[in-house]
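K.L.:
Before we start, here is the structure in question, set down as structure tokens.
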Amino acid sequence: MNDLDDFRAALRQPPDQPFAEPDLDRIMAGGTRLRRRRRVVTSTAGIAAAAVVVLVVVFAVQLRQPAPAPVAQPPSPISIAPMKTPQTPTTGPPKARPVGDVVGTGIKTRAGEIVFFAQAIDEPQALPGIHFGVTAGFRSGDSLQAALLSNEFRGSDRSFGFHATDGGEVIQDQVIPVFGYFAGPAAKITTSVRGQTVEAKLAKWSADPNVVIFWFNPDSVPNSDVLTPLIAYDGNGKRLTK
């Protein structure tokens, strides 16, 4: 036997202490709690991380199982009738379920209009004070596709002030506007980019008018890195935040 044969023989031997079966339900539940903080439909990093977990689990299971015995192959017939491969039904992405009205931005893309809407979050153990997040998505006719969910991840989702500011990612060849929400009577929200004051677009959440969804035009605010601290004003022009 050579070194390669020795290595293969070692892999076939059961370990002194068998591996416990991986708790896949616990692994998936933990991953869901983390993804609730920030979900992107096209996330290369997330796919890579999931692939690593799968490889580790599969490798561990293979180590504790003996190699299958070789199966004798029957002689091949002279001719084989063609067979149809059954088609596995495919399903699209999960249907977005808005809480309250969908807010249109007027920004048109090939995937549809960029819109914002609230979605329910139900993670009582990991996020006890968080019950909703704001999602950026695309609307085309009656079709509504979620693209990026952003939510608060500590404290209360309706405590006074700014929450869940996100955006700037490129999804489906389109920059998602920088967005977030403000809990309080905000009638105007501004920031400063390279010394210039930029005003956000606002829309009150129909499920709770005290929550104001805001977003910036990507031409003026390409990403959240260029923002100075956000400032909110009430209807009389009084500054609500420091």
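K.L.:
Go through (1) more than 17 Å from SER224 (Cβ to Cβ); (2) touching a residue at least 12 places away in the same chain (Cβ under 8 Å); (3) part of a loop (DSSP other than H, G, I, E, B) one by one and return the number of the condition GLU113 breaks.
P.N.:
In the conditions (1) more than 17 Å from SER224 (Cβ to Cβ); (2) touching a residue at least 12 places away in the same chain (Cβ under 8 Å); (3) part of a loop (DSSP other than H, G, I, E, B), GLU113 misses (3) alone.
K.L.:
Go through the range 184-234 and give me each residue that's farther than 24 Å from THR135 by Cβ and within 26 Å of the chain's Cα centre (by Cα).
P.N.:
Of everything in the range 184-234, those that are farther than 24 Å from THR135 by Cβ and within 26 Å of the chain's Cα centre (by Cα) turn out to be THR228, PRO229.
K.L.:
Another one. Quick check on PHE153: is it among the aromatic types (Phe, Trp, Tyr) and within 16 Å of the chain's Cα centre (by Cα)?
P.N.:
Criteria met by PHE153.
K.L.:
Would you tally the residues in the range 181-225 being among the aromatic types (Phe, Trp, Tyr) and surrounded by fewer than 17 Cβ atoms within 10 Å (Cβ to Cβ)?
P.N.:
0
K.L.:
So is ARG139 under 14 Å from VAL103 (Cα atoms) and over 16 Å from the mean Cα position of the chain (by Cα) or not? If you could, list the steps in order and put the result at the bottom.
P.N.:
Details: under 14 Å from VAL103 (Cα atoms): yes; over 16 Å from the mean Cα position of the chain (by Cα): yes.
Yes: the conditions hold for ARG139.
K.L.:
In this structure, is ASP225 in contact (Cβ under 8 Å) with a residue 24 or more places away in the chain, under 25 Å from THR109 (Cβ atoms) and among the acidic types (Asp, Glu)?
P.N.:
yes
K.L.:
Starting from residues that are of a type outside the set (A, V, I, L, M, F, W, C) and surrounded by 13 or more Cβ atoms within 10 Å (Cβ to Cβ), keep the ones in the range 226-241 and report whichever is nearest to GLY161 (Cα to Cα).
P.N.:
Checking each candidate, the answer is THR241.
K.L.:
If we keep just the residues of the range 137-161 that are in contact with a Gly (Cβ under 6 Å, 6 or more places away or on another chain) and of a type in the set (Phe, Trp, Tyr), which is surrounded by the fewest Cβ atoms within 10 Å (Cβ to Cβ)?
P.N.:
Filtering the range 137-161 for residues that are in contact with a Gly (Cβ under 6 Å, 6 or more places away or on another chain) and of a type in the set (Phe, Trp, Tyr), the one surrounded by the fewest Cβ atoms within 10 Å (Cβ to Cβ) comes out as PHE160.
K.L.:
Select from the range 132-162 the residues that are closer than 17 Å to ASN210 by Cβ and either touching an Asp or Glu at 6+ places or on another chain (Cβ under 6 Å) or part of a strand (DSSP E or B) (or both) and list them in ascending order.
P.N.:
Answer for the range 132-162, where residues must be closer than 17 Å to ASN210 by Cβ and either touching an Asp or Glu at 6+ places or on another chain (Cβ under 6 Å) or part of a strand (DSSP E or B) (or both): PHE132, GLY133, VAL134, GLY161, PHE162.
Bear in mind these aren't lab numbers, they're just calculated from the coordinates by the rules spelled out. Everything quoted here is computed from the prediction, not taken from an experiment. Quick reminder, even Gly has a Cβ in these numbers, built from the backbone with ideal geometry, and neighbours come from all protein chains shown.
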